[in-house]
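Engineer: Please read through the structure below; I'll follow up with questions.
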Amino acid sequence: MTGPTEETLADLIAALPPPPAAWVQSAVELPQVRAVMEELIARASADSQAREAILADLEQALRGRGVEPRRQMLEQLRVRLSRLGE
């Protein structure tokens, strides 16, 4: 049994509604967010005082690098940074 052709798949995809604007915006921002998070984690790994300063004002640490903090992002970063101190 064979699957649908590329043309059929293209027609099905074209018939889908456009994604929500927030999804598109998140996809655009994701590479920068990941890079900033990895930079903060690297700094925190190298210096315990930097880790404490970043954790003390995590939202500002992100904003200072051009990333608008979101709840899930803050939670994930806080967990990763907290694990460095264990």
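The values are calculated or read from the model by the stated rules, or taken from the named source; none is laboratory data. What you see is a predicted model; the values in this text were computed from it and never measured. Each accessible area value is taken on the protein alone, full model and side chains, heavy atoms only, with ligands, DNA and RNA left out. Shrake-Rupley method; radii C 1.70, N 1.55, O 1.52, S 1.80 Å.
Engineer: Do you know which residues across the stretch 45-59 are within 18 Å of the chain's Cα centre (by Cα) and among the hydrophobic types (A, V, I, L, M, F, W, C)?
Structural biologist: The answer is 54, 55, 58.
Engineer: Within the stretch 1-24, take every residue that is open to solvent by 90 Å² or more (accessible area, probe 1.4 Å) and assigned to a helix (DSSP H, G or I) and give me the one that is farthest from residue 73 (Cα to Cα).
Structural biologist: 7
Engineer: Take the stretch 8-35 and flag every residue that is closer than 16 Å to residue 71 by Cα and either among the charged types (D, E, K, R) or modelled with pLDDT of 95 or more (or both).
Structural biologist: 29, 34
Engineer: Taking the stretch 51-74 only, how many residues are charged (D, E, K, R), open to solvent by less than 90 Å² (accessible area, probe 1.4 Å) and not in a helix (DSSP H, G or I)?
Structural biologist: Counting residues in the stretch 51-74 that are charged (D, E, K, R), open to solvent by less than 90 Å² (accessible area, probe 1.4 Å) and not in a helix (DSSP H, G or I) gives 2.
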